[in-house]
Amino acid sequence: MSARRQWNELPAGVRRAVERQAGEVMRTESLPDGASCEIALALHTKAGRIFCKGGRTEGPKGWLYRKEARINPFLPDVVPRLHWTVERDGWLLLGFEYAPGRHPRLEPGSSDLDTIADGLATLARELTPCPPVDVQPFTERWSGLIAPE
């Protein structure tokens, strides 16, 4: 994946639209991990931190941001809530409740794997029957990320 964009690289109109939703952004923190966004930031505002992710609407992942916004209201309460979306000047950004943590380690033997498996089992239980949103199965969505041995 190419290098992530920074807050100051976004068009001024996009930044203003985000601040209308989130409040004045006093500082930002780039979040380097993840697989699907052109921009991923912790926005520090007077009201607290917000996780902001997204990218260009016409980019290869533009569809993914829209789908994530549609699915979020159906997810269990343990999932960070989507507070707002901003679409402007060719960008689509999503503003989520901030959840501190780190990106999980997915390599064989990682102590994170049991927690991930438990989380997926919880999601399967709580999301059956499936919400009325077209979703790609997890096994298909992430199948290309782990190289065969």
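One table, with the values for the structure above:
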read-out	value
Criterion (over 25 Å from residue 121 (Cα atoms), touching a Pro at 6+ places or on another chain (Cβ under 9 Å) and of a type in the set (A, V, I, L, M, F, W, C)) met by exactly one of 40, 22, 47	40
Test result for residue 14, open to solvent by less than 40 Å² (accessible area, probe 1.4 Å) and either under 27 Å from residue 126 (Cα atoms) or part of a strand (DSSP E or B) (or both)	no
Selection count, the stretch 87-131, where residues are aliphatic (A, V, I, L, M) and more than 14 Å from the chain's Cα centre (by Cα)	9
Among the residues listed as 29, 58, the single one being more than 13 Å from the chain's Cα centre (by Cα) and either open to solvent by 80 Å² or more (accessible area, probe 1.4 Å) or more than 16 Å from residue 8 (Cβ to Cβ) (or both)	58
Tabulated pairs, the stretch 59-78, first more than 24 Å from residue 125 (Cα to Cα), second among the hydroxyl-bearing types (Ser, Thr, Tyr), C-beta under 6 angstrom, 6+ apart or interchain	61/36
All positions within the stretch 71-111 that are of a type in the set (D, E, K, R), open to solvent by less than 90 Å² (accessible area, probe 1.4 Å) and within 17 Å of residue 31 (Cβ to Cβ)	97
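The values are calculated or read from the model by the stated rules, or taken from the named source; none is laboratory data. Just so it is clear, the structure is predicted and the values come from calculations on it, not from any experiment. A quick note on method: Cβ atoms are made from the backbone with ideal geometry, for glycine too, and the neighbour counts reach across all protein chains shown. Ligands, DNA and RNA are stripped out before the accessible areas are found, and what is left, the full protein with its side chains, is counted by its heavy atoms. Shrake-Rupley method; radii C 1.70, N 1.55, O 1.52, S 1.80 Å.
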